[in-house]
Amino acid sequence: KDRQTQDVLISSMIYNFIYNEIDKKDHPNAFYFNGKIELAGNIASVFNQKREDGGGVLRSPEHTIFGIPYAQFVKLDFDVRKYFKINGNHTLVLRQFVGLGIPYGNSSSMPFVRSYFNGGANDIRAWVAFGGLGPGASQVDEKVRTYLMGNVKLTTNLEYRVPINDMYEGAIFTDIGNVWNTDNSGFDDQFKFNKFIKEMGIGSGFGLRVNVAYITLRLDLAYKIYDPNKPDGEKWRFNQFQPLKPTFNIAFGYPF
């Protein structure tokens, strides 16, 4: 909770590169790439003051400017999407997101607004935002895990879109992913290459898109298929499947 309510100064430089073939007639199987790098805290460190009270949230002792601690980190985000036209007007979309934040210097962890979390209408839709998926395979109580985030994120999305008529479009989808930390914070949330695949949450569902003028209203119903934060033997959720109790998402525009 301290990370979510702390005062922190973020002074950063961001470089963002986007390559976009979406909606271009000569690229029916469009490709999209969005890469971003953010470097924070180097300029702020020139003007810092040191505080030795041992009460720092980012790091103790921490450096401050006008009594407010400043964050230092490097953050890399990559969003890659590929669109395939099938049978003329059907669309298969594949999306891969990779995110990594590396705190250093005055920060032992990423500030809240730059950390990664799971869930929501544009992410892993079977979980609401801050809805208990992750970090990693942590078995900490879900009410506690809603306050935990990570500095590593992997998300894979697959969606098949089928036009019904000019106004309505149906979709089926599967979302896979989780967040972790580069170091073990005591919650069994460290990213490890030999086990991260078993710690990916899986959700699937179907949705309806309603096109009115230039606005697309999106309604998605999603179900948890694999929950890595459940005990062994309960991670696959088929025995707990409740068709009348999906996670309901409402949003404007396509998720990706």
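The values are calculated or read from the model by the stated rules, or taken from the named source; none is laboratory data. No experiment lies behind these values; they were computed from the predicted model shown. Every residue, glycine as well, gets a Cβ built from its backbone with ideal geometry; the counts of neighbours run over all protein chains shown. The accessibility values were calculated without ligands, DNA or RNA, using every heavy atom of the protein model including side chains. Shrake-Rupley method; radii C 1.70, N 1.55, O 1.52, S 1.80 Å.
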> Each residue of region 194-200 in turn: what ³J(HN,Hα) in whole Hz from Karplus with 6.51, -1.76, 1.60 and θ = phi - 60°, glycine and Pro shown as x?
Replying inline: 7, 9, 5, 4, 6, 9, 8
> Counting Lys and Arg as +1 and Asp and Glu as -1, what is the net charge of the other residues whose Cβ lies under 12 Å from the Cβ of residue 168?
Replying inline: +1
>> What's the magnitude of the charge dipole for the chain around its Cα centre, counting Lys and Arg as +1 and Asp and Glu as -1 at the beta-carbon? Answer in Debye, nearest 20.
In response: 340 debye
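Of the listed peptides 113-121, 229-237, what is their order by residue-averaged count of other C-beta atoms within 10 Å, with the highest listed first?
113-121, 229-237
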>> If I histogram all Cα-Cα distances within the chain using bins 5 Å wide from 0, what percent of pairs lands in each bin?
In response: 1, 6, 11, 15, 15, 15, 13, 10, 7, 4, 2, 1, 0, 0
> Excluding ligands and nucleic acids, what accessible area in Å² is computed for residue 9 using a 1.4 Å probe, to the nearest 10?
Replying inline: 70 Å²
>> Using a 1.4 Å probe on the protein heavy atoms, what percent of the accessible area of region 106-256 belongs to carbon and sulfur?
In response: 61 percent
> Tell me, what is the percent relative contact order of the chain, built from C-alpha pairs under 8 Å that lie six or more residues apart?
Replying inline: 14 percent
>> Take residue 144 and residue 183, extend 7 Å from each Cα along the Cα→Cβ direction, and tell me the distance between the two endpoints in nm.
In response: 1.9 nm
>> From the Cα trace of region 119-215, what convex hull volume per residue do you get, rounded to a whole Å³?
In response: 105 Å³
>> Between residue 92 and residue 65, what is the label-point separation in nm under the 7 Å Cα-to-beta-carbon projection?
In response: 5.0 nm
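Give me the 1.4 Å probe accessible area per residue for the chain, excluding ligands and nucleic acids, in Å².
Working: 13890 Å² over 256 residues.
Per-residue value: 54 Å².
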> How long is the gain from residue 21 to residue 236 if the chain were fully straight, where each residue apart is worth 0.36 nm and the alpha carbon distance is subtracted?
Replying inline: 73.6 nm
> Distance from the Cα centre of region 60-115 to that of region 203-245, in angstrom?
Replying inline: 24 Å
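Keeping every protein chain in place, order 192, 25 by accessible area at 1.4 Å, biggest value first, i.e. largest first. Don't jump to the answer; show the numbers that get you there.
Working: 192 90, 25 200 Å².
Reading off the accessible areas and sorting them downward yields 25, 192.
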